[in-house]
Amino acid sequence: MPDRAGLAGATEKCGVVGVALADREAARPVYYAMYALQHRGQESAGIATHDGFQQHSHVERGLVGDAISEADLTDLRGSTGIGHVRYPTSGGLNTCCAQPFAVSFKSGSLGLAHNGNLVNTDELRADLEAAGHAFTSEGDTEVIAHELARNLLDADLVRAVKRTMDRVHGSYSLTIMHDEAVLGLRDPLGNRPLCIGALDDGYVLASESAAVDALDGELVRDVRPGELVVLDPDGSGFDSYRLVEEPEPAHCFFEHVYFARPDSVIDDSLVYEVRRDLGRALWRESGVEADVVMPVPDSGRAFASGYAEAANEEDAPVEFAEGLMKNRYVGRTFIMPTQDERERAVRLKLNPIRSTVAGRRVTLVDDSIVRGTTSTQLVELLRDAGADEVHVRIGAPPINAPCYMGIDMASREELIAADQSVDEVCDEIGADSLAYLSMGAVADALEAEQTGLCTGCVTGEYPYDVEGEDTDREVVPPEV
Ligand code: AMP
């Protein structure tokens, strides 16, 4: 366990891709795969390719379609490549984190696309700086690149990656390009997802299988925790190296609850089915009599359908209805500097269908409550639309603590559940009743042991020590 954590330049919610093809330019398939992963990051998009002689790269602010033009794709020559989409931050383009990070060392060219967050960045950076490495950014990805480059000076590729892995701690799913070789690496915790797909004329690595589908490929399997996958540059196959003897997985449960696309398969489970199972479990744990069950679109949809189905099977007839309509043009990039504007954003984003709501007992289902802005606003909106009762059901346990492993959550002070019981949160959001799902039910739905999941945002206990996190502080335990 590292005892010192460096969280500067955190590489948060991101999507990564790697492609090796037999006899076709890689840039376009990488671009399509990035489109399929757009939900994982909207701040910047980038591609790096290798044509057998040199590396080409293009990184730009914005959505994939805006950041990369037809001319860029033409310039990105070569049949191997990697890609990255990065989550938005409030400031300008954060150059530390725009990726892939592409650089040439004595040991050859390197490109890195990183999803996750290291916890010992400062320590590694200081060490590398003392050894003469100069950094151009604050980001942890550049630290991995320098560490790998240093190890490549006197070791072959696999040994160099193994040594790098022994040094870097935290969460990382990486696609790496070393000259024309494309590699996929998942940390020993398997904290962030990464999978392998087969194409007619090559192989693809991607954060989620939805990207493999977008290329008409077949999901081969997940990259295992602590595994290095090296794609043959001619697209004919891949080699696998288990670099960690006994990995101890700490898969992020929140990927399944909120972050991943419902049509992705992660760690052998279809995300959509997991969410429906969580909805069913939510009914079993805290079902409440109501006239209508409605999701918070889009995040609550699968949960609400599972919840309503379970209720109807158990002789508690309830209508399932989409009683809130979403304005699809209000994206996640909507700028909300003040709480007032955040509230306005919810109002612009979601509008109730009065006839579904008026004079009825409503159960509103969502995947999670973070700050509580969405649920507070929606409860009020539904009451204004004439709802008799509003019950809120949440398909995950209370989010009590920040995430240091790669998901952009609020700070602890902003988390509505951090210092309050479920009843207090219920009062604050103004609902008639509120229930969360238990962690046990989440583990059951994922067919995982609770110990095999990273539950830091619920328990405040992380798979790594995190500098600055007051671990003695009491976390209000989930009451369900
Ligand atoms: P809040 O309004 O702050 O309570 O956030 C809860 C809403 O945001 C829910 O509808 C979630 O689906 C969604 N959500 C959950 N986690 C995140 C996240 N890390 N980033 C953006 N939205 C999120």
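The values are calculated or read from the model by the stated rules, or taken from the named source; none is laboratory data. Because the structure is predicted, anything quoted here is derived from the model rather than measured. A quick note on method: Cβ atoms are made from the backbone with ideal geometry, for glycine too, and the neighbour counts reach across all protein chains shown.
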Select from region 394-417 the residues that are within 12 Å of the ligand (Cβ to nearest atom), touching a helix residue (DSSP H, G or I) at 6+ places or on another chain (Cβ under 9 Å) and among the small types (Gly, Ala, Ser) and list them in ascending order.
GLY395, ALA396, ALA417
If we only count helices (runs of 4 or more DSSP H) wholly inside region 1-93, which ones have 2 or more residues that are assigned by TED's automatic domain parsing to the domain that holds ASP216, within 23 Å of GLY202 (Cα to Cα) and at pLDDT 95 or above?
27-36, 70-75
Tally the residues that are in a loop (DSSP other than H, G, I, E, B) and under 28 Å from HIS251 (Cα atoms), restricting the search to region 104-163.
3
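One line per residue, one yes/no per condition, for (1) in contact with a Lys or Arg (Cβ under 6 Å, 6 or more places away or on another chain); (2) at pLDDT 95 or above:
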| residue | (1), (2) |
| --- | --- |
| VAL362 | no, yes |
| ARG371 | no, no |
| THR376 | no, yes |
| LEU381 | no, yes |
| ASP388 | yes, yes |
| HIS391 | no, yes |
| ALA396 | no, yes |
| TYR404 | no, no |
| ARG412 | no, no |
Kindly evaluate GLU428 against the criterion of being within 13 Å of the ligand (Cβ to nearest atom), surrounded by fewer than 22 Cβ atoms within 10 Å (Cβ to Cβ), of a type in the set (Asp, Glu) and within 22 Å of GLN377 (Cα to Cα).
yes
So, in region 104-123, of the ones that are surrounded by fewer than 23 Cβ atoms within 10 Å (Cβ to Cβ) and either under 18 Å from ARG167 (Cα atoms) or in contact with an Asp or Glu (Cβ under 8 Å, 6 or more places away or on another chain) (or both), which residue ends up modelled with the lowest pLDDT?
GLY108
Quick one: is ARG261 out of contact with any strand residue (DSSP E or B) (no Cβ under 7 Å at 6 or more places or on another chain) and in the same structural domain as SER355 (by TED's automatic domain parsing)?
no
May I ask you to list the residues in region 170-183 that are assigned to a strand (DSSP E or B) and either under 17 Å from the mean Cα position of the chain (by Cα) or acidic (Asp, Glu) (or both)?
GLY170, SER171, TYR172, SER173, LEU174, THR175
Kindly establish whether ALA448 is within 13 Å of the ligand (Cβ to nearest atom), part of a loop (DSSP other than H, G, I, E, B) and either of a type in the set (Gly, Ala, Ser) or surrounded by 19 or more Cβ atoms within 10 Å (Cβ to Cβ) (or both).
no
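Name the residue, out of ASP200, ASP179, ASP222, ASP232, that is under 19 Å from THR80 (Cβ atoms), surrounded by fewer than 24 Cβ atoms within 10 Å (Cβ to Cβ), in contact with a strand residue (DSSP E or B) (Cβ under 6 Å, 6 or more places away or on another chain) and acidic (Asp, Glu). Quick ask: steps written out before the conclusion?
On the way: ASP200 fails: in contact with a strand residue (DSSP E or B) (Cβ under 6 Å, 6 or more places away or on another chain); ASP222 fails: under 19 Å from THR80 (Cβ atoms); ASP232 fails: in contact with a strand residue (DSSP E or B) (Cβ under 6 Å, 6 or more places away or on another chain).
Unique residue meeting the criteria: ASP179.
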Determine which member of the set HIS133, HIS114 is of a type outside the set (A, V, I, L, M, F, W, C), more than 28 Å from ARG24 (Cα to Cα) and touching a helix residue (DSSP H, G or I) at 6+ places or on another chain (Cβ under 8 Å).
HIS133
Would you confirm whether any residue within region 373-389 is part of a loop (DSSP other than H, G, I, E, B) and within 10 Å of the ligand (Cβ to nearest atom)?
no
For region 345-358, the count of residues that are farther than 24 Å from SER286 by Cβ and away from the ligand (no atom under 15 Å from the Cβ) equals 5
Can you find a residue in region 165-175 that is assigned by TED's automatic domain parsing to the domain that holds VAL17, crowded, with 24+ Cβ neighbours inside 10 Å and closer than 15 Å to ILE266 by Cα?
yes
